[in-house]
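What follows is one structure encoded as structure tokens, with my remarks underneath.
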Amino acid sequence: MTTQYSEPPPPPHHHHHHSKKLLHFQPKIIAHTSTPWNNRLRELAKQCQFAQALTLYRQMLRSGNCPNTFTFPFALKSCAALVIPLMGLQLHTHVVKTGCEPDPYIRTSLISMYCKCSLIQNARKVFDESGQLGKLTICYNALISGYTFNSKFVDAVLLFSQMRKEGVLVNSVTMLGLISGCTLPNHLAIGMYLHCSSVKFGFDTDLSVSNCLLTMYVKCGEVAYARELFDAMPEKDLITWNAMISGYAQNGFAKHVLELYHEMELTEIHPDPVTLLGVLSSCANLGAQSIGCQVERRIEYRGFQSNPFLTNALINMYARCGNLVKARAIFDSMAERSVISWTAIIGGYGMHGHGEIAVQLFDKMIKTGIRPDETVFVSILSACSHAGLTDKGLEYYEAMEMKYNLQPGPEHYSCMVDLLGRAGRLKEAKELIESMQGKPDGAVWGALLGACKIHKNIEIAELAFERVIELEPTNIGYYVLLSNIYSDAQNLEGVLRVRVMMRERKLRKDPGCSYVEYKGKVHLFFAGDISHPQTKEIYRKLTELENLVKELHTSPKFDQGERNEELLIGTGVHSEKLAVAFALLNTRSGADIIVIKNLRVCVHCHLFIKLVSTTVDHQFVVRDPTRFHHFRNGVCSCKDYW
DNA sequence: ATAGGGTTAG
């Protein structure tokens, strides 16, 4: 990247303009120094074609054209966008050689470029050398946002107070730089303070400030505040909508995302790839395949189909909605697959219990020359654990550190504990946790507790429970898990002890719910729910099914050593049963029925659906927080589950 | 000088 720099003749139409004049810089001069080269450069930078812009800059030098104050902002901007510090340093020397350095706009561009390239010392040097008069608002703004960009919030605030002390005018861009630094949870208070100051100074009428505040709230996890601000904004643009929609998506408020997306369709503002990305990830979490399909059609209609972000999101959505065939078709049709594409498809096969395919795909990915990252290892390890591929999982775990030099994090440990635990190797799992160099999180101990449930080990369960509860005292799931372990062992005293603990800590069980998507609408059921318009028919169908199941369970046809009277006692109207009854009433024969449950499917319903599946021509796909259960003709895909 | 983005276990 060595560009020969020679002193070219000045362009003909601004020969009146000498370097002496540059010292008394006036913004107007910029307009006079435009040339065909500069105009083209500006155009490329505006279209975000930064690499081409820099190529053009080099061509410009080679052909003997002198860069000027109209050249550098765009060259520097391209350099910053591509993060090429070496080129940036070179550009700085060109700035000095051409005598453009006193120009405060160029200085600002330099500061910004250095910050984007993480050369903050250099940025500070340019700033400090500006002298009192050269330090305009824009220079301060560039350095303030540069500090926050490099997560140096304290320096940003210090510079802000210096700015105010010296009486430099603060504008809305100054606020933007500061507000975007408040994205950590403990910075919420400062963020709210900045919100107040923005209102006081009247900057809140600036859309970009409001949008930035909105983003700050969602990044802090304060979705309610964000929504309040969103509703109060008299004017909203695409970024406002996107900030709110992806804010909901990132914080797991999938239903709110779909509601807002629907609301957005009533406005003049059209969704762009960022909007659709948030919507697709929410469809994936809700299992809302038909809305996902609509989004896919929209992507094609709007010509976004080559956007790799969207393609990956589609693969993820179809895989999580139970449509592996479609997910695979999209994956196969991609021209260029990134690690994220592979992660999505491997995870998809993993959660459907197809561990072998996941393994094959992982190896294929390596052969293609893709470098695996931490996330794809989470996918493959969990795929191995679901499929019972214990040795394969251990192999990958080893390779992760040894071959790919990746440090396992808590997520990987919880996969490994799950893997060893399911295989009954509880002691090894426990030892693995004890050998961790970082401190284990709740999920790691939780995985061990889950394994103790499968293998009925009270001793290790009590130890795991003690640890997990220290880390996540309000997570009800773990109390329920321990209580179930006691109850399996007929240890009533233990069950009561857990119940007392829960009462003391005022913990209530989350209500379980299940839902089915039908004709583009979500039909949600709680246990014993009577709010659905078809309630009467649903209950009639359910009674019919219950009788059928009881009969089947005692018939000689069902005799695979699985008969367990207990499983059919104390039945009750579970939410998944209502969803199944509703779906059977409304779905044509032969079609798949997809039920989504917010908690793990219980043993009783598992058996119930398995038996029902022998009598109908449907495949039932039940998705719970951990995986999919496919039921067809009395067979379930998850045989290791109970 | 500036606000919005995909994958991850239990």
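The selection criterion, being among the hydrophobic types (A, V, I, L, M, F, W, C) and open to solvent by 60 Å² or more (accessible area, probe 1.4 Å), holds for A:Val500.
Report yes if A:Ser145 is touching a helix residue (DSSP H, G or I) at 6+ places or on another chain (Cβ under 9 Å), surrounded by 24 or more Cβ atoms within 10 Å (Cβ to Cβ), part of a helix (DSSP H, G or I) and polar (S, T, N, Q), otherwise no. For A:Ser145, the condition - touching a helix residue (DSSP H, G or I) at 6+ places or on another chain (Cβ under 9 Å), surrounded by 24 or more Cβ atoms within 10 Å (Cβ to Cβ), part of a helix (DSSP H, G or I) and polar (S, T, N, Q) - is not met.
Cβ-Cβ distances below 8 Å connect the following pairs, each with a first residue in the range A:373-396 that is not assigned by TED's automatic domain parsing to the domain that holds A:Arg425, a second residue that is of a type in the set (Lys, Arg), and a separation of six or more residues or different chains: A:Cys384/A:Lys392; A:Ser385/A:Arg422; A:His386/A:Arg627; A:Gly388/A:Arg422; A:Thr390/A:Arg422; A:Thr390/A:Arg425. With the requirement that a residue be in a helix (DSSP H, G or I) and out of contact with any helix residue (DSSP H, G or I) (no Cβ under 8 Å at 6 or more places or on another chain), what does the range A:202-218 give you? A:Thr205 - this is the single residue of the range A:202-218 that is in a helix (DSSP H, G or I) and out of contact with any helix residue (DSSP H, G or I) (no Cβ under 8 Å at 6 or more places or on another chain). Note on the range A:184-218: residues that are open to solvent by less than 40 Å² (accessible area, probe 1.4 Å), within 9 Å of DNA strand B (Cβ to nearest atom) and among the hydroxyl-bearing types (Ser, Thr, Tyr) amount to 1.
None of A:Lys135, A:Lys97 is in contact (Cβ under 8 Å) with a residue 40 or more places away in the chain and over 27 Å from A:Leu184 (Cβ atoms) except A:Lys97. Counting residues in the range A:498-511 that are touching a strand residue (DSSP E or B) at 6+ places or on another chain (Cβ under 9 Å) and within 26 Å of A:Val573 (Cβ to Cβ) gives one or more.
I'd like the residue in the range A:416-471 that is charged (D, E, K, R) and over 22 Å from A:Thr390 (Cα atoms) and, out of all such residues, is farthest from DNA strand B (Cβ to nearest atom). Residue satisfying both the conditions and the ranking: A:Glu459. Put simply, of A:Ser483, A:Ser487 the only residue that is outside the structural domain of A:Val622 (by TED's automatic domain parsing), of a type in the set (S, T, N, Q) and open to solvent by less than 30 Å² (accessible area, probe 1.4 Å) is A:Ser483. Scanning the range A:344-360 for residues that are buried (at least 23 other Cβ atoms within 10 Å of the Cβ), more than 15 Å from A:Thr390 (Cα to Cα) and in contact with a Phe, Trp or Tyr (Cβ under 9 Å, 6 or more places away or on another chain) yields a count of 5.
Of all residues in the range A:231-245, those satisfying the criterion of being touching a helix residue (DSSP H, G or I) at 6+ places or on another chain (Cβ under 7 Å) and within 16 Å of A:Val274 (Cβ to Cβ) are A:Asp237, A:Ile239, A:Thr240, A:Trp241, A:Asn242, A:Ala243, A:Met244, A:Ile245. Of all residues being assigned to a strand (DSSP E or B) and open to solvent by 10 Å² or more (accessible area, probe 1.4 Å) in the range A:616-635, which is nearest to A:Leu286 (Cα to Cα)? Just the residue, please. Across the range A:616-635, the extreme among qualifying residues is A:Arg623.
Among the helices (runs of 4 or more DSSP H) confined to the range A:325-415, the ones with at least 3 residues that are within 12 Å of DNA strand B (Cβ to nearest atom) and β-branched (Val, Ile, Thr) are located at A:339-351, A:374-387. Mind listing whichever residues of the range A:299-337 are open to solvent by 60 Å² or more (accessible area, probe 1.4 Å), free of Cβ contacts under 8 Å to residues at least 40 places away in the same chain and over 22 Å from A:Ile366 (Cα atoms)? Within the range A:299-337, A:Glu300, A:Tyr301, A:Arg302, A:Gln305, A:Ser306, A:Val325, A:Lys326 meet the criteria. Considering the conditions (1) open to solvent by 30 Å² or more (accessible area, probe 1.4 Å); (2) more than 30 Å from A:Gly446 (Cβ to Cβ); (3) touching a Lys or Arg at 6+ places or on another chain (Cβ under 9 Å), A:Ser589 is excluded by exactly one of them, (3).
Can A:Asn285 be described as more than 19 Å from A:Leu524 (Cα to Cα) and outside any loop (DSSP other than H, G, I, E, B)? Against the criterion (more than 19 Å from A:Leu524 (Cα to Cα) and outside any loop (DSSP other than H, G, I, E, B)), A:Asn285 does not qualify.
Restricting A:Pro85, A:Pro67, A:Pro73 to those that are open to solvent by 20 Å² or more (accessible area, probe 1.4 Å), away from DNA strand B (no atom under 13 Å from the Cβ) and not aromatic (Phe, Trp, Tyr) reduces the list to A:Pro85.
For the range A:233-255, the condition holds for at least one residue, the condition being that it is under 18 Å from A:Ala313 (Cβ atoms), among the hydrophobic types (A, V, I, L, M, F, W, C), away from DNA strand B (no atom under 12 Å from the Cβ) and at pLDDT below 95.
The condition (being within 14 Å of DNA strand B (Cβ to nearest atom), under 21 Å from A:Gly252 (Cβ atoms) and not in a helix (DSSP H, G or I)) is satisfied by just one residue among A:Gly221, A:Gly181: A:Gly221. Under the condition of being near DNA strand B (Cβ under 9 Å from one of its atoms) and either of a type in the set (Gly, Ala, Ser) or open to solvent by less than 30 Å² (accessible area, probe 1.4 Å) (or both), the residues counted in the range A:116-139 number 2.
The values are calculated or read from the model by the stated rules, or taken from the named source; none is laboratory data. Note that the structure is predicted; figures quoted are calculated from it, not measured. We place every Cβ from the backbone using ideal geometry, glycine too, and count neighbours over all the protein chains shown. These accessible areas exclude ligands, DNA and RNA; they are computed on the full protein's heavy atoms, side chains included. Shrake-Rupley method; radii C 1.70, N 1.55, O 1.52, S 1.80 Å.
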